[in-house]
Amino acid sequence: MQLHDVKVHPSKALLKREDQLAWKMSAVAADKVAVPKDTAEMIINRIIDNASVAIAAINRRPVVSARGMALGHRKKEGGATVFGVPAGTTVSPEWAAWANGTAVRELDMHDTFLAADYSHPGDNIPPILAVAQAMGRSGRDLIRGLATGYELHIDLVRAICLHEHKVDHIAHLCPASAAGIGTLLGLKQEVIFQSIQQALHTSISFRQSRKGEISSWKAYAPAHAGKLAIEAVDRCMRGEGAPSPIYEGEDSVIAWVLSGRTQADSQGRNTVYDPTYYQVPLPAPGEGKRAILDSYTKEHSAEYQSQALIDLAFRMREQISDFDAIEKITIHTSHHTHYVIGTGANDPQKMDPKASRETLDHSIMYIFAVALQDGRWHHVDSYAPKRAARPDTVALWHKIETREAPEWTERYHSRDPDTLAFGGRVEIRFKDGTTLVDELGVANAHPRGARPFGREQYIGKFLTLTEGIITAREQNRFLEVVQDLPRLAAGELHLLNVALPRGELLESKPGIF
């Protein structure tokens, strides 16, 4: 890997294209280096993972609405498939990415990578797959495109923090997806460069979508980014350009949205540029794309920073005979966990039994209480309104608080994979003055966890989440096809779609489309 310094430059500096981050990213995308075998195998795992959570969410309202919008843009030739719908029905690829991306994201249960910022790199799969289907590409082409999408997405997340500026993390996803589409289609570096810049320019949004009363937009946001990425590439393939340099320019994203510029005087004169710069790691020319191997999936349908704490709750409950005897629970954890899903967020909705599912899966207080009481986690039952309103759960839930612990923040940001951790230490104090203390750094499903996910576990997750929704025949067909992905010929990628039995899909309310 090579580290690239990225900071704001005034226009008069005439920053060379070769020195711009978007150009360097486009070089990675245009590099014809072979995809490492373990990368290709993990890509197959993540396609299975995405299908699992998408089908499990297939008739939830946001997914139904997104599917309804997509089906308003049917396209016989050059179309892409929609989860749940028979493969013979295809829609315009950007709308397939919208529908499928929403289905994948709805349950908050697919893969994750956490570093300087947050990400769900599996969100790259719907737009890149949709374009691959629409353009008649092969399984090998798809693998190449997804290797790029994952690589650049994760590399941006390693280096550039968006959330401290209240920018939603899809701003890293959209340019990565555009680059992945460029690799998939074998586009020239110039076209990929412009596509990356257009994609970033159009995808800046803010973290209010994950604050306060969290709505269905949390599921729509990455789907929207995928749709924007496809549209950006389409424009640039036709010869259009983009704002440039999009990262380093004096009125760029870094300058005005991230850490790039100090305040000018009241007349806007004498602008001073912050010397702070980001160091973005990118593969060297000829280096294989392996970033996907540093990401991890979820065993439980909840925000990733809750995964280890759910497993810890399961373990601690075995030593508790009377939950009413608990006086207080304190979760000592990282800055991110405390301020995003903990009491440090200062969101009263995170303590509200009537809160939306999207809000509850971003409340570690609720999640830990239910996991402690139930000893299991279910993507539907654990969020049911009746479950959330149970008086004994509400009482326990309101006894829980989080605190930032420097050692856990340090481990969260560690570059050493042996110390990197996303969990915490939990102290349960009982009314008789005794305490129960335990800690867990990584979830059981994490590569360094007690039960790391491999192909067998991804298949098990698929079978569990799709049981009773699709037929056993469809389960087996999909699993056979996806594991043969490198050998799928051009025009066969529609076989990766998963369909429900006829009449089982809910229809959305009418809209404009």
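Read-outs throughout are calculated quantities, based only on the coordinates presented, and are distinct from any laboratory measurement. On a predicted model such as this, the values are computed, not experimentally measured, just so you know. Note that we place each Cβ from the backbone using ideal geometry, even for glycine, and neighbour counts take in every protein chain shown.
Let me have the relative contact order for the chain, percent, based on Cα pairs under 8 Å that are six or more residues apart.
On the way: 1051 pairs, mean separation 113.9, N = 513.
Relative contact order of the chain: 22 percent.
A simple charge model with +1 on the Cβ of Lys and Arg, -1 on the Cβ of Asp and Glu and nothing else charged puts the dipole of the chain at about 1100 debye relative to its Cα centre.
May I ask you to list the trypsin sites (Lys or Arg not before Pro) in the stretch 446-513 that are in a DSSP loop and have at most 16 other Cβ atoms within 10 Å of their Cβ? Within the stretch 446-513, the qualifying trypsin sites (Lys or Arg not before Pro) (loop, at most 16 other Cβ atoms within 10 Å) are Arg448, Arg502.
What FRET efficiency would be calculated for the residue pair His398, Ala472, taking the C-beta separation as r and a Förster radius of 35 Å, to the nearest 0.05?
On the way: r = 44 Å, r/R0 = 1.25.
With a Förster radius of 35 Å, E is 0.20.
Count neighbours as other Cβ atoms within 10 Å of each site's Cβ, and list the GluC sites (Glu not before Pro) in the stretch 377-422 that are DSSP loop with at most 10 such neighbours.
Passing both the DSSP loop test and the Cβ count: no residue.
Simple spin-label estimate for Ala389 and Thr435 gives 3.7 nm between the two label positions (7 Å along the Cα-to-Cβ direction from each Cα). Span-like helix check, the chain: qualifying full DSSP H segments, with Cα axial length of 27 Å or more and mean Kyte-Doolittle of 0.0 or more, are 37-56, 139-159, 217-237.
Of the residues Asp322, Asp49, Asp38, the one with the fewest other Cβ atoms within 10 Å heads the list, and the complete ranking is Asp322, Asp38, Asp49.
Using a Förster distance of 45 Å, how high is the FRET efficiency between Ala490 and Asp374, based on the Cβ-Cβ distance and rounded to 0.05? Before the final figure, lay out each step's value.
Details: r = 48 Å, r/R0 = 1.07.
With a Förster radius of 45 Å, E is 0.40.
If R0 is taken as 35 Å, the Cβ-Cβ distance between Ala325 and Thr409 corresponds to a FRET efficiency of 0.65. Residue order for Glu231, Glu94, fewest other beta carbons within 10 angstrom first, comes to Glu231, Glu94.
When the chain is fully extended, how far beyond the present Cα-Cα distance does Arg448 get from Lys354, taking 0.36 nm per residue of separation? Each step should come with its number before you reach the end.
Numbers: separation 94, 0.36 × 94 = 33.84 nm, distance 3.62 nm.
Length gained between Arg448 and Lys354: 30.2 nm.
When only the Cβ of Lys, Arg, Asp and Glu is charged (+1, +1, -1, -1), the dipole of the stretch 304-440 relative to its Cα centre reaches about 380 debye. Counting other Cβ atoms within 10 Å as a rough exposure proxy, the listed residues Lys227, Lys166, Lys12 run Lys12, Lys166, Lys227 from fewest neighbours to most. Between Glu456 and Leu14, the modelled labels are 6.3 nm apart [label points 7 Å from Cα along Cα→Cβ]. Taking a sphere under 9 Å around the Cβ of Thr148 and counting the other residues whose Cβ falls inside, with K and R at +1 and D and E at -1, yields a net charge of 0.
Take the alpha-carbon centre of the stretch 421-465, take the same for the stretch 25-86, and report the distance between them in whole Å. That distance is 29 Å.
For the stretch 38-85, which trypsin sites (Lys or Arg not before Pro) pass both filters: DSSP loop (anything but H, G, I, E, B) and at most 11 other C-beta atoms within 10 Å? If you can, show how the numbers build up before the last one.
Values: sites: Arg46, Arg60, Arg67, Arg74, Lys75, Lys76; in loops: Arg60, Lys75, Lys76.
For trypsin sites (Lys or Arg not before Pro) across the stretch 38-85 that sit outside H, G, I, E and B with at most 11 neighbouring Cβ atoms in 10 Å, the list reads Lys76.
Could you list the residues of the stretch 104-122 with an amide nitrogen less than 15 Å from a label point located 7 Å from the Cα of Cys161 in the Cα-to-C-beta direction? Only 114-119 pass the distance filter. Between the alpha-carbon centers of the stretch 492-508 and the stretch 273-342, tell me the distance in whole angstrom. If we compute the Cα centre of each part, the gap is 33 Å.
Pulled fully out, how much extra length does the chain show between Arg61 and Gln279, if you take 0.36 nm times their separation in residues and subtract their Cα-Cα distance?
On the way: separation 218, 0.36 × 218 = 78.48 nm, distance 4.09 nm.
Additional length available on full extension: 74.4 nm.
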